[in-house]
1. Residue by residue through region 183-199, which ³J(HN,Hα) values in whole Hz follow from phi under the Karplus form 6.51 cos²θ - 1.76 cosθ + 1.60 (θ = phi - 60°), with glycine and proline marked x?
2. Give, in nm to one decimal, the length gained when the segment between PHE376 and GLN215 is fully stretched (0.36 nm per residue of separation minus the Cα-Cα distance).
3. Quick one: dipole size for region 202-274, taken about the Cα centre, charges +1 on Lys/Arg Cβ and -1 on Asp/Glu Cβ, in debye to the nearest 20.
4. Describe numerically, in nm with one decimal, the distance between label points set 7 Å from Cα along Cα→Cβ at ILE322 and at GLU194.
5. Suppose the chain between ASP285 and LYS171 were pulled fully straight at 0.36 nm per residue; how much longer would it get relative to their current alpha carbon spacing?
6. Counting only heavy atoms of protein chains, what accessible area per residue, in Å², does region 237-283 have with a probe of 1.4 Å?
7. Given points 7 Å out from each Cα along the Cα-Cβ axis, report the ILE334 to ALA226 separation in nanometres with one decimal.
8. Report the FRET efficiency, 1/(1 + (r/R0)^6), for THR261 and GLU362, where r is their Cβ-Cβ distance and R0 is 51 Å, rounded to 0.05.
Amino acid sequence: MGSEMIPLLQVGIFLIFIIMILLIAIYIYLMKPKAPKERKEQEHIIESEEDGKKKVEQDYGKFTTNLTRESIFDFMEFEEIVDNMIVRKNGTQYIMVLQCNGVNYDLMSEQEKISVEEGFVQFLNTLRFPIQLYIQSRTLNLRDIIEEYKARVDNLTIEIDRLDARIAQAKAQGNRALREKLEFEKKRKVNILEYGISITDYVEKLSSNKNVLQQRTYVVVSYYSAEIGGGLDKFSKEEIYNMCFSELYTRCQNISSALATSQITSSILDSEELAELLYIAYNRDEAELLQLSKALDSQYDALYSTGKDVLKKKQEKLDQEISLAAIDMATDSILKADKRKQIEELEIQINKEEKIKQKASELLDNYKDQLDKRVFKYAKEEIENSGSKKEEDKKQLAEGKTKSSQTASPVVRKKIVKKRRAEN
């Protein structure tokens, strides 16, 4: 048994020895300095892998293909902004936006709160077309307010310098009363100047805080060209555009008037404000750094023009048409109300005369035996004919043939127009 185990042990030791030699050879090969070409290739492979990882990290969340104008428009879902409108769906949908200024509801009395709520309910009941409410949160931008404060501070500084010159002149003339008055005025303006400087500094510090946000509420009003009716083939593109603009502008004016009952003021956004609204909606992070208002202030797209804006002309024409239509409606309503009043007064008078006739007829019947037959007959006829004139006036008044109804319209219209001009 012992003689059989010896060859097996020798074989195992031999295998272990060979394995050790192979491991030593592999170690020496790995530790051997590589040629410059091989080292360069290996480093290039490692750098390529690292650059690939960095590129993936940098391109994460970004478009990897070239963007075309069409693909961007498909993403934004609107074609253009023109004449205070957003055009969508190949010119079949037009949108106007109203910006609403809220009311401080919490500081109102109970009666004022009830009035606001009733006004809003009335606004909802008067809606005859769909609307959308949109709320956008923006970082508070006080740049314009700061510039206005600084301009006022500069003006105060100039006024104080002028007062110093006048005070020096008053001293030279020996006018004590004028000098004291000017010194008091200077002291007052210096206090205002110090207050203005402190307010400007405070607002500048406030504007540097990125956490100051404000909410703006908008009413989005849409109109589709298909709502025109009667077939769009018989209208040109310009006619369809003008009809859509007129309808949208009228709807926005109706909404603004209805919201005014709830003490909410509103205004239609112009094209620049619409562009800013969409820019902030699509660029939340970059909107604060790359402000659209600053780009517009630089006037990179300004043109030399001395003519009046076509859009303002169109809006003024629509306002004028609405005003004239409102005057006509008010005039007609006054005429109709006056006619109804006259008819009611005539009816009261006729009823009174009918009762008088009835009473007079009863009195004649009581004295019939004491009167001559012919006298009694003529008296009856006189009583019957006494109310015919009132009936004829009522008939003419109902048919609109009276002199007052023919001449009242120009007079009333003139008074209303004169009153509106005085208010404007």
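The values are calculated or read from the model by the stated rules, or taken from the named source; none is laboratory data. Because the structure is a prediction, the values reported are computed rather than measured. All Cβ positions, glycine included, derive from the backbone under ideal geometry; neighbour counts span all protein chains shown. Accessible surface areas use protein heavy atoms only, side chains included; no ligands, DNA or RNA. Shrake-Rupley method; radii C 1.70, N 1.55, O 1.52, S 1.80 Å.
1. 5, 5, 5, 5, 4, 5, 6, 5, 4, 5, 5, 4, 5, x, 5, 5, 5
2. Roughly 49.1 nm would be gained on extension.
3. So the dipole magnitude of region 202-274 works out to roughly 360 debye.
4. Result for the modelled spin labels: 5.0 nm.
5. Result: 35.0 nm gained on full extension.
6. With the other protein chains kept in place, region 237-283 gives 47 Å² per residue.
7. The answer from the label model is 4.5 nm.
8. Plugging the Cβ-Cβ distance into 1/(1 + (r/R0)^6) gives 0.35.
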